[in-house]
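Below is one structure; the comments refer to it alone.
The values are calculated or read from the model by the stated rules, or taken from the named source; none is laboratory data. A quick note: this is a predicted structure, and the numbers were derived from the prediction, not measured. Here Cβ is always computed from backbone atoms with ideal geometry, including for glycine, and neighbour counts include all displayed protein chains.
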Amino acid sequence: MKRKVNLSEITAKEPLKVKTEIQPSVMKLPEEEISKASPFKMEVEIQKKPVGYQIKGHVSGEVELTCSRCMKKFSHRVEQDFDYKLMPTSEITGGEIKGSDLDIKFSDETVLDLAEVAEEQVLLNLPVKPLCSEECEEVHYREWEEEEGKEIDKRWEKLRKLQNKLKKE
């Protein structure tokens, strides 16, 4: 499985096409957000341009996330197309950023690590607020309510009073 591409070997006449599988162990995925991940299938086409390269492709796989409401683990499918220009840093100009500038990445590296490309695309595909389902309801915690045979933790007393006050308003 090809993971790194030597950009200097790509000619302007014919784009390089790569189909590969990236193992999550070679990616820097945030452990606090992603519990587990499947290997990611990736198709990439790299075309040399007069200045820089055009990178197009698709990445797919699955990650395990934690629901922000109920705290249950759930599987999230990653299906992400990408298309951006890879330009040398010498092409960076000052001034205002235009909408067309958002699909440009700058690097002077001669080797493109496909694991980094996959990692970036997976992170861009993660939901801001992960939910196991649209119907998921928030869990109502009972840390401060007296349960049979359990003592109330005194640290929650102020919070319990505040909650009761807010319910009355």
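Miscellaneous remarks
- Within the range 49-73, if we keep just the residues that are under 16 Å from Lys4 (Cα atoms) and in contact with a helix residue (DSSP H, G or I) (Cβ under 8 Å, 6 or more places away or on another chain), the residue that is modelled with the lowest pLDDT turns out to be Tyr53.
- Single residue of the range 125-157 satisfying the filter (surrounded by 11 or more Cβ atoms within 10 Å (Cβ to Cβ) and not in a loop (DSSP other than H, G, I, E, B)) that is modelled with the highest pLDDT: Asn125
- Of residues in the range 27-40 being under 30 Å from Glu135 (Cα atoms) and charged (D, E, K, R), the one modelled with the highest pLDDT: Lys36
- Subset of the range 2-47 (residues that are touching a Ser or Thr at 6+ places or on another chain (Cβ under 6 Å) and farther than 17 Å from Arg77 by Cα): Lys2, Leu7, Ser8
- Test result for Ser68, in contact with a Pro (Cβ under 7 Å, 6 or more places away or on another chain), over 14 Å from Leu114 (Cβ atoms) and surrounded by fewer than 17 Cβ atoms within 10 Å (Cβ to Cβ): yes
- Among (1) free of Cβ contacts under 8 Å to residues at least 60 places away in the same chain; (2) in contact with a strand residue (DSSP E or B) (Cβ under 7 Å, 6 or more places away or on another chain); (3) more than 30 Å from Glu137 (Cα to Cα); (4) surrounded by fewer than 16 Cβ atoms within 10 Å (Cβ to Cβ) - the single one Tyr53 does not satisfy: (4)
- Candidates Ile10, Ile34 - the one that is over 14 Å from the mean Cα position of the chain (by Cα) and not small (Gly, Ala, Ser): Ile10
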